[in-house]
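Taking it in order: structure first as structure tokens, then the write-up.
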Amino acid sequence: MTISQEKNQRTRPTGERENIMDTQNTIKLLRLTEVAERLDVSMPTVRRLVKDGRIKSIRVGRVIRVRPIDLESYIQTSIKVAGQATNLTGGGDQA
């Protein structure tokens, strides 16, 4: 990529830059607000899930991003199977 192409990419609106990135087979990282929207939960809930390590995340400078595959993994581990919830807290049913 030439310097002028880099400059043009930086000056384009965000939507255009995302389209360019998608055509180059790169992974679009999700913002926490996007994760909250997809899960239909609040931002504090998403932050807690990330802080607890239940949703894997990537820190890029001062911001946190989530790979779509990590969000999908969290969703899959949270699915109830045959009426039983997957144990996400590490504890177990103790009688």
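The values are calculated or read from the model by the stated rules, or taken from the named source; none is laboratory data. Note that the structure is a prediction, hence the values are computed from the model and not measured. We place every Cβ from the backbone using ideal geometry, glycine too, and count neighbours over all the protein chains shown.
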What pairs come up if the first residue lies in the stretch 41-54 and is within 14 Å of Leu30 (Cβ to Cβ), the second is of a type outside the set (S, T, N, Q) and assigned to a helix (DSSP H, G or I), and their beta carbons are under 6 Å apart, counting only those six or more places apart or on different chains? Met43/Ala36; Val46/Leu32; Val46/Val35; Val46/Ala36
Taking the stretch 26-66 and keeping only residues that are among the polar types (S, T, N, Q) and either touching a Gly at 6+ places or on another chain (Cβ under 8 Å) or over 18 Å from Gln76 (Cα atoms) (or both), one is left with Thr26, Thr33, Ser42
Enumerate the helices (runs of 4 or more DSSP H) found wholly within the stretch 25-95, keeping only those where 1 or more residues are modelled with pLDDT under 95, among the β-branched types (Val, Ile, Thr) and more than 13 Å from the chain's Cα centre (by Cα). 68-78
